[in-house]
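Here is the structure we will look at.
The values are calculated or read from the model by the stated rules, or taken from the named source; none is laboratory data. Predicted model, so just to flag it, every value in this text is computed and none were measured. All Cβ positions, even for glycine, are placed from backbone atoms using ideal geometry, and neighbour counts span all protein chains on display. For accessibility, only protein heavy atoms count, side chains too; no ligands or nucleic acids. Shrake-Rupley method; radii C 1.70, N 1.55, O 1.52, S 1.80 Å.
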2 protein chains.
Amino acid sequence: MMSSKIKPEGQTSKPVKKIKPTKESENLVRVVPLGGLEEVGRNMMYIEYRDEIVIIDMGFQFPEEETPGIDYIIPNIDSLIPKKQNIRAVVLTHAHFDHIGAIPYIIGKIGNPPIYTQKLTRAIIEKRQEEFVNVPKLNVKIVKGGDTVKIGNFLELEFFEVAHTVPDTTGVIVKTPVGNLVYFADFRLDYDEAGKPYNLDVVERIGKMGVHTFMCDSTNAEKPGASISERTVEKNLAELFEKIEGRIILATFSSMITRLGEIMHIAEKLGRKVAVNGRSMKNNIQIARNLGYIKVADDTIIPVEEIHKYRDRNIMILTTGAQGESNAGLMRIVSGEHRQIQIRPGDAMVFSSSVIPGNERSVQALKDNLARQGAQIFHTSVIDIHASGHATQEDIKTVVRTLKPEFFMPVHGHYYMRVVNCQNAIQAGVPKENVRVLDNGNVAVLGKKQFTITDETVPAHYVMIDGLGVGDVGEVVLRDRKMLAQEGMIVIIVTLDRKTGRVLKNPDIISRGFIYLKDNQELLKEVRTKIRNICSRVPKKQTMDADYLKSLMRDQVGQFLHTQTYRRPMVLPVVIEI
Amino acid sequence: MMSSKIKPEGQTSKPVKKIKPTKESENLVRVVPLGGLEEVGRNMMYIEYRDEIVIIDMGFQFPEEETPGIDYIIPNIDSLIPKKQNIRAVVLTHAHFDHIGAIPYIIGKIGNPPIYTQKLTRAIIEKRQEEFVNVPKLNVKIVKGGDTVKIGNFLELEFFEVAHTVPDTTGVIVKTPVGNLVYFADFRLDYDEAGKPYNLDVVERIGKMGVHTFMCDSTNAEKPGASISERTVEKNLAELFEKIEGRIILATFSSMITRLGEIMHIAEKLGRKVAVNGRSMKNNIQIARNLGYIKVADDTIIPVEEIHKYRDRNIMILTTGAQGESNAGLMRIVSGEHRQIQIRPGDAMVFSSSVIPGNERSVQALKDNLARQGAQIFHTSVIDIHASGHATQEDIKTVVRTLKPEFFMPVHGHYYMRVVNCQNAIQAGVPKENVRVLDNGNVAVLGKKQFTITDETVPAHYVMIDGLGVGDVGEVVLRDRKMLAQEGMIVIIVTLDRKTGRVLKNPDIISRGFIYLKDNQELLKEVRTKIRNICSRVPKKQTMDADYLKSLMRDQVGQFLHTQTYRRPMVLPVVIEI
């Protein structure tokens, strides 16, 4: 895989200007995306006017093939730390980890500023904060759609509800002296049975207030048409469930709380008890029930230990692990490691989620094993039992036409997805010269009827979390991990008499991930001879240069192994002088 | 990712029986798939009657996430080697690597039997054979659709043409004493403009001969509907090309020779010169032109060095690398490393291929960089400019209805894909009890009106190729590579006085892929103290047990590092006694 950081010189259609700190620049609003613009995930951005800063979201990104062994990638906050006293508010748009996951790693370092969000998001971030030590108690202020909050002399926030896959998803209007910046969070349009979008009046109202810039979700910008209605999904799920005689095992994301509520509701109507498998899903359902977002009778939910007490047709199991994650609930079931749940012929396995790019092979293995164990499988490509939470092309155009923004700034997604999203905006009436494609770390300055990407940048490179340390997995360590994974390594330990330069004992060799040494004694012997030859060529009784000797061994042994095996393991020579 | 090898005990609907070698069993045909049934790739199977064996295809599989550093995975031929004198024929259905790629690694080990295939396939395998040393000259016999060959007293082969993405794709009827086994290779139906499939009469003729078993491609078994006609693709490509003012850069698989021919033909009609980038594509086009499968004028093809001599609107560049492969043609262009070709605004980048599962992220990075450099991108999800080479559900049903086979055996694809393919067959009239889902290494015996999967198996596990050695990358080496990739490793070298057990010098520590040692001197110091403590606790002057000392260090240093960093590097202690 290649990096997506190449920046051509002749990049067009971007008015780039150096802005000197002058009187004039004091009246400009600065927009600084720290993450989410060159990937899906790690969403974080700040908006700054004089000494007032508002942060929108604080998410993490899941690791990639390119970052082996890494737990999460979080936004870089180097540019925020020196002015943390200016941070007046953090807006969290919704309770998904790509928007809230980095909070425990970041919030303490920027002075634990007040967080504005809705009830469900608060419950989830507070619960998660308990899993960390040495993190501050969060300072959360509950808001809801329609609320406005003045966070300084100049900046004001107004919140509005948007449709997504988790309740309490919140868009925000940042009202600034240069105009209203509208951030729609992750959103889609939800349609009624007649195909009319719900709540378009909210968008209309915002449009009438005047929109300087619309910051728009690009996740599904390449997908033509309008979103599938959640009503369709609900109806199809209900019809599917009705036909199933055996147990239903349904896998989806634990974060799709709206969908989970619908599914449990249908199960209850059909007389099925619901058992929940997977810690994150249990937690989320508990939280959503406490807050009244999922309304089912107490006796509808049973512990997995009790599923054997009911007939198959009265059981539904909800589980995590729809992406084939190796540590999630469904994998434990399928690999036979689950104490209470085993797949058996007659089970209906329903996937109510899409496959995230990169997980195709894991999901394929999951389906193979489910099929081998006799489960019948239902998934989205067969029947519409999943709707994405992200606006498709027609959704986006409808919103753009209604908002009538002056400028369009696509957020959330890789460069190409955002370029395609600009086409959506242009088709919906935004002038071609008014779309702005930023990168992470770009600084844009906004004036009245002005949106300029400057040539100033702030640090926005990956901060990688692996174990306890934050950001201490550097490029070198990652590069080594990748090299080790490709051809393994060989350590050569030579013990020399410091005075004579004589090799004191047979060189020790250890190797991992290269070849199986026990089966390759002959090669091993040749390597030892090679090393002895190298050492013996060093003139006796002259000062030993261990570094020089090491580099000789690295080159010559490396070269020798390559001719013999066509592999290039990492060669690590150690010289011990006694 | 999980292995897909789990075998439940209660596997249903499979008549499994132990067949003892008796008179009766002498009259049965054995069908043994060695690869291709639990993956996409590595296709190879043999059919055996008494002392006559015919092998169908000899492909390799590309490496997976689970097999880091591996070049290819090839079929296991352990069960064939003892009876190589019985191998009468190898049928190669078409010139794609998942059907021919393993030839150089295998053919010499099984006595270089005669290969039956068509012209283009011969040219490609002979060309590839030149790249290897110590491989025999292939013994290829050219056949074409309609030919029959008697390969022994009992077995006869009849060949027939099928539509795929490469010319000269051949299906084969293996005529045995128990009936005709029909293997369709990779195939699809190709439709005329009225939606009528071409060449269905060939299928009708085979059906009339009577079909014992139909072995059917499952690659697209989950895809509803009929295949897109290649006429539609051609028409759409022509319309697209006509509208483009700038250069056209088109990426596809070098193995899609039929498509490449069409594209070059359109380019010629539009007055564009064609420059080819990428060695495999150049080779294939050269071979196909020599054999008359691609018919364009000599001066239509120009070297890439000469593209600057023509106006943009007169240039088309064909390139490999549509999957974002790091060593292919398109990647060199996009990363700025290509001497003659750079992307510039106005270029039209056309992807006439689908994304192979697992390559989504590389392709995303590719598109991002193309978009950054100003190219306009056209791909299949926007316009039908690619048709898969594999039969979709309606194609499969049409063929099944026409062949009217007694038994249906899905091949090519993961277990679940093949289970779904059985549904296609059942819907097209095959009795439910007559579908047979085998695994690699299963042995099936076929009699008249009989198809039994026995409980005999032959070795079919992965044989991995990495560098020079064949099959010498074992599970241990792979497991180590994966562990090294996750958390790296730390080597601890302790030098002891053999007589006193005293530590002679400060322990040496080297580490890769774990933490950056230079930035973690404190931790390093603590590890050294820890090691000294461990060594000092060993009672003096008693016989040193180096293995015991090593296991103490492995456990205690491992534990210590985990508490300090939450990471678990591989700890490799070395004890040097002087």
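Only one residue of B:THR67, B:THR165, B:ILE115 has its Cα farthest out toward the positive end of the dipole of the range B:67-212, where Lys and Arg carry +1 and Asp and Glu -1 on Cβ, and that residue is B:ILE115.
Taking the Cα centre of the range A:36-100 as reference, the dipole from Cβ charges on Lys and Arg (+1) and Asp and Glu (-1) amounts to some 480 debye.
I need the shape label for the protein assembly as shown. Rule: rounded when a/c is under 1.5, else prolate if a/b > b/c, else oblate, with a, b, c from the alpha carbon gyration tensor.
Numbers: a/c = 1.43, a/b = 1.12, b/c = 1.28.
Note, shape of the protein assembly as shown comes out rounded.
Calculate for chain B the 222 nm mean residue ellipticity that helices alone would give, adding -39,500 (n - 2.57) per DSSP H run of length 4 or more and normalising by residue count, nearest 500 deg cm²/dmol. Can you show the working numbers first?
Working: 15 runs with 165 residues, N = 578.
Result for chain B: -8500 deg cm²/dmol, rounded to the nearest 500.
Per residue, the average separation of C-alpha pairs within less than 8 Å and at least 6 apart gives the range A:125-257 a relative contact order of 17 percent.
By the rule of a C-alpha distance below 14 Å, with chain neighbours fewer than 8 residues away ignored, the aspartates and glutamates paired with A:LYS175 are A:GLU48, A:GLU52, A:ASP147, A:GLU156, A:GLU158. Helix B:257-269 axis versus longest C-alpha principal axis of chain B: approximately 70°, rounded to the nearest ten.
Note on B:561-573: average number of Cβ atoms from other chains within 10 Å of each residue's Cβ is 3.
For the range A:220-279, the fraction of C-alpha pairs more than 13 angstrom apart is 67%. Across identical copies of the chain, A:GLU130 has label-point separations of 7.1 nm, listed in ascending order, with the point defined 7 angstrom from Cα along Cα→Cβ.
What is the antiparallel percent of DSSP beta bridges lying wholly in the protein assembly as shown, to the nearest 5? Taking every DSSP beta bridge within the protein assembly as shown, about 50 percent pair in antiparallel fashion. Residues whose amide H lies under 5 Å from that of B:CYS216, counting only those 5 or more places away or on a different chain, are B:MET409, B:VAL411; hydrogens are built 1.01 Å from N in the peptide plane. Label-point spacing for B:LYS269 across the identical copies (point 7 Å from Cα in the Cβ direction), in nm and ascending order: 5.5. Longest segment of chain A with no GluC sites (Glu not before Pro) in a DSSP loop having at most 11 other Cβ atoms within 10 Å? Excluding the exposed sites themselves, the longest stretch runs over A:338-578. Assuming charge only on the beta carbon of Lys and Arg (+1) and of Asp and Glu (-1), the dipole of the range B:419-578 about its Cα centre is about 740 debye to the nearest 20.
How high is the relative contact order of the range B:232-339, in percent, counting Cα pairs under 8 Å that sit 6 or more residues apart? Walk me through the numbers before you get to the answer.
On the way: 140 pairs, mean separation 38.7, N = 108.
RCO, the range B:232-339: 36 percent.
Excluding same-chain neighbours fewer than eight residues apart, the aspartates and glutamates reachable from A:LYS530 by a Cα-Cα span under 20 Å are A:ASP497, A:ASP508, A:ASP519, A:GLU522, A:ASP545, A:ASP547, A:ASP555, A:GLU577. Evaluating 6.51 cos²θ - 1.76 cosθ + 1.60 at θ = phi - 60° for every residue in the range B:319-335, the Karplus couplings come out as 9, 7, x, 5, 9, x, 4, 6, 9, 9, x, 5, 5, 5, 5, 5, 8 Hz, glycine and proline recorded as x.
Give me the inter-chain shielding for B:491-499: mean count of other chain Cβ atoms within 10 Å, whole number please. List each step's numbers first, then the result.
Working: counts 7, 0, 7, 0, 6, 0, 1, 0, 0.
Other-chain Cβ atoms within 10 Å of each residue's Cβ, averaged: 2.
When only C-alpha pairs under 8 Å and at least 6 residues apart count, what is the relative contact order of chain A, in percent?
Reported relative contact order: 16 percent.
Treating the beta-carbon of each Lys and Arg as +1 and of each Asp and Glu as -1, no other charges, what is the dipole magnitude of the protein assembly as shown about its Cα centre, to the nearest 20 debye?
Here the protein assembly as shown has a charge dipole of around 2720 debye.
In the range A:416-463, inverting the average of 1/r over every pair of distinct C-alpha atoms gives 12.3 Å as the Kirkwood radius.
The angle between the Cα long axis of helix A:546-565 and the longest principal axis of the Cα atoms of chain A comes to about 80 degrees, rounded to the nearest 10.
May I ask you to derive the FRET efficiency for A:GLU24 and A:THR148 from their Cβ-Cβ distance with R0 = 35 Å, giving the value to the nearest 0.05? Present the calculation step by step, with values, prior to reporting the outcome.
On the way: r = 29 Å, r/R0 = 0.82.
Approximately 0.75, to the nearest 0.05.
If B:HIS412, A:HIS265 are ordered by their accessible area, calculated over protein heavy atoms with a 1.4 Å probe, which sequence runs from highest to lowest? All intermediate terms of the calculation are to be shown ahead of the outcome.
Values: B:HIS412 10, A:HIS265 85 Å².
Listed by decreasing accessible area, they come as A:HIS265, B:HIS412.
Note that the range B:163-176 has calculated 3J(HN,Hα) couplings of 8, 8, 9, 9, x, 6, 7, 10, x, 9, 9, 8, 8, 10 Hz, one per residue in order, obtained from phi through the Karplus relation 6.51 cos²θ - 1.76 cosθ + 1.60 (θ = phi - 60°); glycine and proline are x.
Please report the net charge: other residues with Cβ closer than 13 Å to the Cβ of A:GLY558, K and R +1, D and E -1. The answer is +3. Of the trypsin sites (Lys or Arg not before Pro) found in the range A:409-470, the ones in coil according to DSSP and having at most 16 other Cβ atoms within 10 Å of their Cβ are A:LYS448, A:LYS449. Shape of the range B:337-480 from the C-alpha gyration tensor: oblate (a/c of 1.5 or more and a/b not above b/c, with a ≥ b ≥ c the square roots of its eigenvalues). Pairs over the 28 Å Cα-Cα cut-off, from the set B:LYS144/B:LYS196; A:LYS109/A:LYS449; B:LYS243/B:LYS367; B:LYS295/B:LYS404; A:LYS127/B:LYS525: A:LYS109/A:LYS449; B:LYS295/B:LYS404; A:LYS127/B:LYS525. Sequence-ordered 3J(HN,Hα) estimates for the range B:503-518 from the Karplus curve with 6.51, -1.76 and 1.60 and θ = phi - 60° stand at 6, 7, 8, 4, x, 8, 10, 10, 8, 9, x, 9, 9, 7, 4, 4 Hz, glycine and proline given as x. Amide hydrogen proximity for A:ILE576: with H placed 1.01 Å from N in the peptide plane, the residues at 5 or more positions away or on another chain lying under 5 Å are A:VAL494, A:THR495, A:LEU496. By definition, a body whose alpha carbon gyration tensor gives a ≥ b ≥ c is prolate when a/c is 1.5 or more and a/b is larger than b/c, and the range A:419-518 fits this prolate description. Amide H to amide H, with H built 1.01 Å from N, A:MET45 comes under 5 Å of A:LEU34, A:ILE56, counting only residues 5 or more places away or on other chains.
Plainly put, the tip 7 Å out from Cα toward Cβ on A:GLU242 is 5.0 nm from that tip on each other copy, the closest given first.
Given that compact globular proteins tend to follow 2.2 N^0.38 Å, what is the ratio of the alpha-carbon Rg of the range B:232-378 to that value? For the range B:232-378, the normalised Cα radius of gyration comes out at 0.96.
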